[in-house]
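Please read the structure below before turning to the comments.
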Amino acid sequence: MNRPRILVVYTSRSGNTEALARALAEGAAEAGNRNVEVVVKKARDVSRQDVEEACALAFGSPTYYSYMSGELKALFDDALLYKDSFYSKPTVAFATGNGGQSKCVESIEAILELFEAMLIQKSDILSPGLAVQGNPDEGALRQAKAVGRKLGEAGVEYACRKGSEGIIVGKGK
Ligand SMILES: Cc1cc2nc3c(=O)[nH]c(=O)nc-3n(C[C@H](O)[C@H](O)[C@H](O)COP(=O)(O)O)c2cc1C
């Protein structure tokens with residue numbers, strides 16, 4: 001039986017968002033008594049099959065003009081064709097920026113909600129989620145790791161719910 005797979009997707013030019021992605025992945029790997037597989041990929045390398053086969057998904061981006069990066073947006077544009085594979089799947093959004101990072105997180109969350117994914121933590125003004133200013137410090141990395149673990153556990157639960165062996169499919173299947 002395949003281990004539940006957690007997919008962490010990110011874009012990053014100067015490493016800030018990548019550092020968060022790696023910490024999140026580290027936390028996710030601790031889920032299910034470490035009986036999970038964690039895959040970390042840049043958005044441009046992510047295929048439809050990657051999304052379909054994952055039982056939990058994280059999406060992260062630097063903030064560009066108060067929005068997610070073009071590369072992550074391009075992934076979501078393509079994903080409209082297979083949006084059913086997001087249905088009820090545990091997901092989380094994360095971002096770095098120079099002050100506008102919450103807007104970036106919100107832009108990712110808006111699409112995940114449109115795809116009817118399950119956000120394991122939805123950010124708002126009181127709880128801005130995984131939105132980090134600049135290069136993540138130790139506290140931010142710790143938070144990312146904790147969120148990753150939570151995502152991993154939700155992914156394991158999702159996989160059990162689907163009783164899945166191999167490919168995990170979405171809505172109505
Ligand atoms: C083209 C461009 C546009 C940006 N626009 C914003 C912005 O609107 N708001 C903001 O807070 N930061 C903005 N930034 C800053 C980046 O989001 C920030 O430096 C981020 O942490 C970089 O992530 P990375 O190291 O993963 O590439 C911008 C950076 C670039 C290069």
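The values are calculated or read from the model by the stated rules, or taken from the named source; none is laboratory data. Because the structure is a prediction, the values reported are computed rather than measured. Note that each Cβ is placed from the backbone with ideal geometry, even for glycine, and that neighbours are counted across all protein chains shown. Calculation scope for accessible area: heavy atoms of the full protein, side chains included, ligands and nucleic acids excluded. Shrake-Rupley method; radii C 1.70, N 1.55, O 1.52, S 1.80 Å.
Quick notes on this structure:
- The range 12-27 residues that are at positive phi, paired with ones that are more than 9 Å from the ligand (Cβ to nearest atom) (beta carbon under 6 Å, 6 or more apart): none
- Residues satisfying the stated conditions in the range 1-21, i.e. within 16 Å of the ligand (Cβ to nearest atom) and buried (at least 19 other Cβ atoms within 10 Å of the Cβ): 8, 9, 10, 11, 12, 16, 17, 18, 19, 20, 21
- Within the range 22-43, if we keep just the residues that are more than 16 Å from the ligand (Cβ to nearest atom) and of a type in the set (Gly, Ala, Ser), the residue that is nearest to the chain's Cα centre (by Cα) turns out to be 28.
For (1) out of contact with any Cys (no Cβ under 6 Å at 6 or more places or on another chain); (2) at pLDDT below 95; (3) open to solvent by 10 Å² or more (accessible area, probe 1.4 Å), each residue gets a yes or a no:
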position	(1), (2), (3)
29	yes, no, yes
34	yes, yes, yes
37	yes, no, yes
48	yes, no, yes
57	yes, no, no
60	yes, no, no
64	yes, no, yes
69	yes, no, no
78	yes, no, yes
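- Filtered residue count, the range 118-158, keeping only those that are polar (S, T, N, Q) and open to solvent by less than 20 Å² (accessible area, probe 1.4 Å): 1
- Flag if residue 74 is more than 16 Å from the ligand (Cβ to nearest atom) and in contact (Cβ under 8 Å) with a residue 24 or more places away in the chain: no
Yes/no per residue for (1) in contact with a Pro (Cβ under 8 Å, 6 or more places away or on another chain); (2) away from the ligand (no atom under 12 Å from the Cβ); (3) of a type in the set (Gly, Ala, Ser):
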{"residue": "95", "(1), (2), (3)": "yes, no, yes"}
{"residue": "106", "(1), (2), (3)": "no, yes, no"}
{"residue": "109", "(1), (2), (3)": "no, yes, no"}
{"residue": "121", "(1), (2), (3)": "no, yes, no"}
{"residue": "124", "(1), (2), (3)": "no, yes, no"}
{"residue": "127", "(1), (2), (3)": "no, yes, yes"}
{"residue": "132", "(1), (2), (3)": "no, no, no"}
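- Test result for residue 56, in contact with a strand residue (DSSP E or B) (Cβ under 7 Å, 6 or more places away or on another chain), of a type outside the set (Asp, Glu), within 16 Å of the ligand (Cβ to nearest atom) and under 13 Å from residue 5 (Cα atoms): no
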